[in-house]
1. Please list the non-local residues whose amide H lies under 5 Å from the amide H of R135, H modeled 1.01 Å from N, same-chain partners needing a gap of 5 or more.
2. Can you work out the Karplus-derived ³J(HN,Hα) for every residue in segment 63-80? Use 6.51 cos²θ - 1.76 cosθ + 1.60 with θ = phi - 60°, whole Hz, and x for glycine or proline.
3. First select every other residue whose beta carbon is under 13 angstrom from the beta carbon of A115; then total the charges, Lys and Arg +1, Asp and Glu -1.
4. If amide H atoms are built 1.01 Å from N in the plane of the peptide, which residues on other chains or at least 5 residues away come under 5 Å of the amide H of G69?
5. Mind listing the phi-derived Karplus ³J(HN,Hα) values for segment 156-163, rounded to whole Hz, using 6.51, -1.76 and 1.60 with θ = phi - 60°, and x for any glycine or proline?
6. Could you tell me the relative contact order of segment 77-155? Use alpha-carbon pairs under 8 Å, at least six residues apart, and round to a whole percent.
Amino acid sequence: MLRRYGPLLLFAPASCAAPPKAVPVAAPPPPPVIAAPRPVPVGNDWRDWPLTPGTWRYRAGSPSVAAFGAEFQMRCDPATRTVELARAAPAAGTMSVTTSQEVRALATTAAGGFARASLNGRDPFLDKMAFSRGRIVIAMTGTARLVLPAWAEIGRVVEDCRG
């Protein structure tokens, strides 16, 4: 029997050996710390300020509306031929509108979460907004300043109130 099973007995002690001890694995290194982006420095010239992220949308109808996200709207009231400027704001105040040709301070009233100012549809300042060189700035106390591109949607609303 030893002859028959003898060679197998040589392997028997190996099968009874304890499993190898686990080798500790080093913890992965922590992810690198990425600093928050720094705000873009704003220079003295408003024409160099970065544009507010977003885009204009135009909706024809009565009233026609040009909206820049949920922050700013221009609306034509065809019955009264007035253009309403509306800035998302917690309260009424003075809305300062800067174009490449003029800065105008507009008194506002508060309604529906917006500070609203109205201009006659024939007011030349609306043309200055539509044809400002590249951008217009909307500023109000208590809100972030908006630097908006002077796109065609502005002129479309103005023309709707003149047509």
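Only the coordinates and a few stated rules stand behind these numbers; no lab work does. Please read all numbers here as calculations on a predicted model, not as lab measurements. Every residue, glycine among them, receives a Cβ derived from its backbone with ideal geometry; neighbour counts consider all protein chains shown.
1. A150
2. x, 7, 9, 10, 10, 9, x, 9, 8, 8, 9, 10, 10, 9, 9, x, 5, 9
3. Taking every Cβ under 13 Å from that of A115, the sum is 0.
4. T55, R57
5. Those phi angles translate into 5, 5, 4, 5, 4, 7, 9, x Hz.
6. 30 percent
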